[in-house]
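Notes follow the structure.
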Amino acid sequence: MTKRKAIDRVLTLIRELEHGMYKPRELSQKTKIPLRTIYRILEKLEAYNLVFNENGEYTWHENRLEFENYRMYEKALKHSSELASSMEHFIAISFIEDSDSPRFELHFKNPYGKYMFEHIFTGYPKIRRILEEFKRLEGKKEGELDIYLRYAIKISYDDNFKPIYPKIADDIRNWIIETKLKIAHGIPLKGRCELCPNITFKNIQDH
């Protein structure tokens, strides 16, 4: 293998890890890089604290936060509360608007959904996989990533509020409840999004 190709593989892997949390096999499937090479690159990146490994799932180090001071923590918690409030708005709209109405489309194009989705991709791999399964069932296109969560909430229920996809509906609802409860008790969202406060990283290790 040429040096250029080796560098390209490392950069490709880093780009994926910057925007998500994945198991090595998932990274291999997404990038077409051999699994053994994936493990070798991850091992080197982890040695330099450039990736974080949580129970065999990897993400870029900037998606794992430690706050330099209490002020930074407060900013992150406020940001998390704003996104959690936006989820309440999406849920409410999903029950009072028809999915083909202009108002539904307008509300569900609210950018907060996009930023919550970025947090899901970089900090909640289980929920990401649930939404990817929803995408598979609904036949969503690759370019529709930012509307998974909002449409999953809406389409998981029929007119009588009976889940069309019971497991997806229950898992998403339970995750939203659990996440809101954690934020209310002072635990910011995992992962990162474009709106996240500009935080200085202290280190990558757990407290």
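The values are calculated or read from the model by the stated rules, or taken from the named source; none is laboratory data. Please read these numbers as outputs of a predicted model, since none were measured by experiment. With ideal geometry, Cβ positions are generated from the backbone for all residues, glycine too; neighbour counts draw on all protein chains shown.
Would you call Lys114 of a type outside the set (S, T, N, Q) and modelled with pLDDT of 75 or more?
Answer is yes for this residue.
The residues of segment 1-30 that are among the β-branched types (Val, Ile, Thr) and either over 20 Å from Gly123 (Cα atoms) or touching a Lys or Arg at 6+ places or on another chain (Cβ under 7 Å) (or both), listed by number, are Thr2, Ile7, Val10.
Residue count for segment 150-207, restricted to those that are of a type outside the set (A, V, I, L, M, F, W, C), within 20 Å of Leu137 (Cβ to Cβ), modelled with pLDDT of 80 or more and in contact with a Phe, Trp or Tyr (Cβ under 8 Å, 6 or more places away or on another chain): 0. For segment 36-56, the condition of being at pLDDT 90 or above, in contact with a Pro (Cβ under 6 Å, 6 or more places away or on another chain) and surrounded by fewer than 15 Cβ atoms within 10 Å (Cβ to Cβ) holds for at least one residue.
Table: residues versus (1) assigned to a helix (DSSP H, G or I); (2) farther than 30 Å from Gly113 by Cβ.
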site: Leu27; (1), (2): yes, no
site: Lys30; (1), (2): yes, no
site: Arg36; (1), (2): yes, yes
site: Leu45; (1), (2): yes, yes
site: Phe52; (1), (2): no, no
site: Ser81; (1), (2): yes, no
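The set of residues in segment 80-111 being of a type in the set (A, V, I, L, M) and either modelled with pLDDT of 55 or more or assigned by TED's automatic domain parsing to the domain that holds Arg25 (or both) consists of Leu83, Ala84, Met87, Ile91. Selection of segment 16-32 for residues being exposed (fewer than 14 other Cβ atoms within 10 Å of the Cβ) and either under 15 Å from the mean Cα position of the chain (by Cα) or on the phi > 0 side of the Ramachandran plot (or both) yields only Lys32. Restricting to segment 57-70, and then to whatever is under 21 Å from the mean Cα position of the chain (by Cα) and outside any strand (DSSP E or B), can you tell me which residue is modelled with the lowest pLDDT? The extreme case among them is Leu65. Contact map, segment 124-137: first residue of a type outside the set (Val, Ile, Thr), second residue surrounded by fewer than 18 Cβ atoms within 10 Å (Cβ to Cβ), Cβ cut-off under 7 Å, separation 6 or more or different chains; pairs are Pro125/Glu57.
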